[in-house]
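S.K.: Before anything else, here's the structure in question.
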Amino acid sequence: MRTRIAVLVSGGGTNLQALIDAARRGELPHGELALVVSNNKDAFALKRAERAGIETAVCLRAKGEARVDFEARLVEILEARQIDMLILAGFMAILSADFVARWPDRIINVHPSLIPSFCGEGFYGLRVHEAALDYGVKVTGATVHYVNEIPDGGRIIAQKAVDILPDDTPETLQRRVMEQAEWILLPRAAESVAKELGMRNEE
Ligand code: GAR
């Protein structure tokens, strides 16, 4: 049986698209992109999922709502679809220790820097690239890692370095890191974790 994957998103969804494209090319044989969940109802990622015929769900955290209540709804959505594995692909929310403990070694995240640089709370999206440029590093990259209770602190699965060019802006750097690292690493890591989970389930 293929590992049933939910992809959690918040925005544009280019990493989701990389997963969809890889699956279409037959590069995700051990995984099934069964569900896309967004915590933002306007996320373009939802359109990408619909276009690809993947079921979608929106799980919003209302202003002032306790994280535990938001996560309880998220768990319900995931359990109702018998999801085995989660991929955080531009998901802009930090999950609690209790939530991640439900899915040990079953949640992976893509982060747009070479962890442990420019990561942790407050480092997400363009801010990561702004921080790299402000610091003046000459090389950055992307990391795919398991998710544990420490933001961006789980075991590293794969990393790829990307050069910073003299004229880079956060936007040009973000694009290069996506093209040269994220969109390549994430589908490969997804397949290897899905395969590993599939083998574990058969034991
Ligand atoms: C990606 O660069 C992803 O690595 C980053 O947000 C962007 C989402 O783009 N994620 C984080 O910063 C998480 N800490 P996408 O919606 O086009 O995939």
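S.K.: Give the angle, between 0 and 90 degrees and rounded to the nearest 10, that separates the Cα long axis of helix 14-24 from the longest principal axis of the Cα atoms of the chain.
M.R.: Here the helix axis deviates by roughly 60 degrees.
S.K.: Can you give me the relative contact order of the chain as a percent, contacts being Cα pairs under 8 Å and 6 or more apart?
M.R.: 23 percent
S.K.: Once the convex hull of the alpha carbons of the chain is built, what does its volume come to per residue, in cubic angstrom?
M.R.: Per residue, the Cα convex hull of the chain comes to 115 Å³.
S.K.: Compute and list, largest first, the equivalent-ellipsoid semi-axes of the stretch 110-186 from the alpha carbon gyration tensor, each √(5λ) rounded to a whole angstrom.
M.R.: After diagonalising the Cα gyration tensor, the semi-axes are 20, 14, 9 Å.
S.K.: Of all DSSP beta bridges in the chain, what percent run antiparallel (nearest 5)?
M.R.: In the chain, DSSP labels about 40 percent of beta bridges as antiparallel.
S.K.: Based on Cα positions only, what radius of gyration and what Dmax would you give for the stretch 2-110, in angstroms?
M.R.: 13.1, 43
S.K.: Tell me which lysines have Cα within less than 16 Å of Lys41's Cα, excluding those fewer than 8 residues away on the same chain?
M.R.: Lys63
S.K.: Could you tell me whether the stretch 47-107 comes out rounded, prolate or oblate from its Cα gyration tensor? Rule is a ≥ b ≥ c as square roots of the eigenvalues, rounded for a/c under 1.5, then prolate if a/b exceeds b/c, otherwise oblate.
M.R.: oblate
S.K.: When only alpha-carbon atoms are used, what values of Rg and Dmax, in angstrom, describe the stretch 147-196?
M.R.: 13.5, 41
Bear in mind these aren't lab numbers, they're just calculated from the coordinates by the rules spelled out. Everything numeric here is computed off the predicted structure, so don't read it as measured data.
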